[in-house]
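Below is one structure, written out as structure tokens; the observations come after it.
The values are calculated or read from the model by the stated rules, or taken from the named source; none is laboratory data. Small disclaimer: the values here were computed from a predicted structure and weren't measured. Reconstructed Cβ throughout: ideal geometry from the backbone, glycine too, with neighbour counts over all protein chains shown. SASA here: full protein model, heavy atoms, side chains in, ligands and nucleic acids out. Shrake-Rupley method; radii C 1.70, N 1.55, O 1.52, S 1.80 Å.
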Amino acid sequence: MTSKLVASTLRRHLSKSTRFFRRQPFSTAAAAESEYHEDSAGITMKGVKISGRPLYLDVQATSPVDPRVLDAMLPFYLSRYGNPHSRTHFYGWESDNAVELARAQVASLIGASPKEIVFTSGATESNNISIKGVMHFYKDKKKHVITTQTEHKCVLDSCRYLQQEGFDVTYLPVESDGLVDLEKLRAAIRPDTGLVSVMAVNNEIGVVQPVEEIGKICKEFNVPFHTDAAQALGKIPIDVEKWNVSLMSLSGHKVYGPKGVGALYMRRRPRIRVEPQMNGGGQERGIRSGTVPTPLVVGMGAACEVSMKEMEYDEKRISALQERLLNGIREKLDGVVVNGSMESRYAGNLNLSFAYVEGESLLMGLKEVAVSSGSACTSASLEPSYVLRALGVEEDMAHTSIRFGIGRFTTEAEIDRAIELTVHQVEKLREMSPLYEMVKEGIDISKIQWAQH
């Protein structure tokens, strides 16, 4: 009852209170940083003016919190605020019970035992514990790690950290569809290989790796298998037994739960051991010290329970929206390429490249749609995505990639509006492109020898 009352009050006063805080920034620096202005003509932020809040099609970056998840969390902010590690009174007991229920909810979604779930701050921490923790624990016998060139940056950076400590790392290439070659993986395994780490669903292009087959190979060679499943949790069926994973990294905010919480699955039989990366009070079986944040953990558990019930429905609906988006764009534009496999892919991630368009201009032109570019900006230069480079995508096409993220709350109207805005902006940019004019005239620009002046 309390949570419903507070939620109602929050909704009633949200716009009023946000306006109040905008008018009274906490500091001059905060005011300069926000650069936010809203009036009847629209919204201006960071020098960009739009008519209203953009359509949200960036679910791979983060997902909105499901209202059912928020409803489960609120009591643990307001009235059930005990420390779950307080063993001497009721407040601690009820928080501890809530944490254990959430642990069971997460475990149930992946086919694990609750005793195999360790709560962390997110998938980045889980990946660090898995990669550094395993190799440090077995460092006397194991000196070699295998991963792929298209992993999340926190996996690649953890591997580079190990290289600086003297470990060997093999970065497997992927095929043009983004999938790992299983025979290359098999050939890369050595007697001193201590870990294989391959992402289940790629965050940038959405391809689903053959994790079950990878797990079989690792089992054959008795090598621990770690997978970053942040983008897979609640989106595709996961079974840790079928996949034969030893460690699995999970994230709360990618599954319509809160930010700041994640989990690490650690197999008990056969047991996998890690060296803790954080010292402290010995919470979470000594693997991850620090007070477990009850509201966040409850939210992640609730998000997993909702996903278990609605995964099949979500998959059908999101697949239909993806088809609507892709067909809608291709009906009106040529030179549109899907990056990554269409057969082995999570439908909610559609990464497209648009030929003869400058990528940064396209992204800026789509300011009314919240999407991500496959390009990574640095202060000195604009480099195409390392994931697309690993697929062998040509540099000019890699620069024009846009990732459309479709989720549980995306509507058909939003997809139709995204099609309209994307088509309009691509056509506008192509009108200014001399290369596109040459292609329309039948000139093969790949055979042109450009002169330097």
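For beta carbons closer than 8 Å, sequence separation of 6+ or different chains, a first residue in the range 39-60 that is at positive phi and a second that is open to solvent by 70 Å² or more (accessible area, probe 1.4 Å) and not in a loop (DSSP other than H, G, I, E, B), the qualifying pairs are Gly42/Lys49.
If you go through the range 74-93 and keep only what is in a loop (DSSP other than H, G, I, E, B) and open to solvent by less than 80 Å² (accessible area, probe 1.4 Å), you end up with Leu74, Ser79, Gly82, Asn83, Pro84, His85, Ser86, His89. Considering only residues in the range 281-297 that are surrounded by fewer than 21 Cβ atoms within 10 Å (Cβ to Cβ) and among the hydroxyl-bearing types (Ser, Thr, Tyr), the one that is nearest to Thr411 (Cα to Cα) turns out to be Thr291.
The residue of the range 245-261 that is most open to solvent (accessible area, probe 1.4 Å), among those that are closer than 19 Å to Glu213 by Cα and touching a Leu at 6+ places or on another chain (Cβ under 9 Å), is Ser246. The set of residues from the range 320-332 being open to solvent by less than 10 Å² (accessible area, probe 1.4 Å) and of a type in the set (Asp, Glu) is empty. Among residues of the range 258-282 being in contact with a strand residue (DSSP E or B) (Cβ under 8 Å, 6 or more places away or on another chain) and among the small types (Gly, Ala, Ser), the one that is nearest to Gln60 (Cα to Cα) is Gly262.
Could you please let me know if Met266 is modelled with pLDDT of 95 or more and touching a Ser or Thr at 6+ places or on another chain (Cβ under 6 Å)? First the steps, then the outcome.
On the way: modelled with pLDDT of 95 or more: yes; touching a Ser or Thr at 6+ places or on another chain (Cβ under 6 Å): no.
Criteria not met by Met266.
The condition of being open to solvent by 50 Å² or more (accessible area, probe 1.4 Å), assigned by the TED database to the domain that holds Lys132 and touching a Gly at 6+ places or on another chain (Cβ under 9 Å) holds for only one of Met300, Met278, that being Met278.
Checked against (1) under 29 Å from Pro75 (Cβ atoms); (2) touching a residue at least 60 places away in the same chain (Cβ under 8 Å), Met266 passes all but condition (1). Taking (1) surrounded by fewer than 20 Cβ atoms within 10 Å (Cβ to Cβ); (2) assigned to a loop (DSSP other than H, G, I, E, B); (3) in contact (Cβ under 8 Å) with a residue 60 or more places away in the chain; (4) at negative phi in turn, Lys242 satisfies each apart from (2).
Residue-by-condition table, conditions (1) among the basic types (Lys, Arg); (2) in contact with a Gly (Cβ under 9 Å, 6 or more places away or on another chain); (3) at pLDDT below 95:
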{"position": "Asn83", "(1), (2), (3)": "no, yes, no"}
{"position": "Tyr91", "(1), (2), (3)": "no, yes, no"}
{"position": "Leu101", "(1), (2), (3)": "no, yes, no"}
{"position": "Val118", "(1), (2), (3)": "no, no, no"}
{"position": "Ser130", "(1), (2), (3)": "no, no, no"}
{"position": "Asp140", "(1), (2), (3)": "no, no, no"}
{"position": "Arg160", "(1), (2), (3)": "yes, no, no"}
{"position": "Gln163", "(1), (2), (3)": "no, no, no"}
{"position": "Leu172", "(1), (2), (3)": "no, no, no"}
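Suppose we filter Gly234, Gly215 for residues that are surrounded by 15 or more Cβ atoms within 10 Å (Cβ to Cβ) and more than 19 Å from Arg267 (Cβ to Cβ); which single one remains? Of the residues listed, the single one that is surrounded by 15 or more Cβ atoms within 10 Å (Cβ to Cβ) and more than 19 Å from Arg267 (Cβ to Cβ) is Gly234. For the range 218-229, a residue qualifies if it is open to solvent by 10 Å² or more (accessible area, probe 1.4 Å) and over 19 Å from Arg273 (Cα atoms), and exactly one does: Glu220.
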